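So the structure is just underneath, and the comments pick up after that.
The numbers here are math on the coordinates, done by the rules we state, and not lab data. These numbers come from a predicted model, not from an experiment. Methodologically, a virtual Cβ is constructed for each residue, glycine included, from the backbone with ideal geometry; neighbour enumeration extends over all protein chains shown.
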Amino acid sequence: MYRILKTTIVLAPLFFLGSLLAGASAHAHEANYPHLHIAQSGHGEKGHGHRMHKPGEAGMKKGRDGMKHSVKVIPAGYKSPPSVKIRLEKDAHTKGALNLFLDLKNFRFAPEKVNKTSKINEGHAHLYLNGKKLTRLYSASYFMDKLPKGNLEIRVTLNTNMHEDLSYLGKLVQDVVALKDFNN
């Protein structure tokens, strides 16, 4: 059995022209599931810190994957902002593998529109493992095998057709799950 800690990274308001993006993860609350022990978090609570890198230029930030991504700020009061929640299940057929499922609201995957006009409610997702970008996602499920043992952090961000990270009310539109002692 392994332990999952679920957190959401919270970013301070986005300041451009060389200012820092600061973050803090939320404090976890425990809930039991039949096959996984998961702790879920609320938004805005102070807890373990995560820091984003200093932006390299106006409107840009350097993410954990080392790539520069623009940030598409969703206007405050927007009627239907997108959101994402990660759900993980052990794979029944492959030891040490997980099935990742994304519960999306107000967002549609649009592979046919990659590199076209940005829209707030369509695009793709980026999947990260321990801060390293693994892939771009165009569907709400993904098979993750050959995962390392130990502590893992799985993060998914929602991105526009032009690869901008979506942000709403000063927070990236993303979800993060931390697994303790995976495969041990």
What is the order of Lys72, Lys149, fewest Cβ neighbours within 10 Å to most? Lys149, Lys72
Determine the shape class of region 114-184: with a ≥ b ≥ c the square roots of the Cα gyration tensor eigenvalues, call it rounded for a/c under 1.5, and otherwise prolate if a/b is greater than b/c, oblate otherwise. prolate
Over 20 Å (Cα to Cα) among Lys105/Lys146; Lys85/Lys149; Lys95/Lys132; Lys146/Lys171; Lys79/Lys105 -> Lys105/Lys146; Lys85/Lys149; Lys95/Lys132; Lys146/Lys171
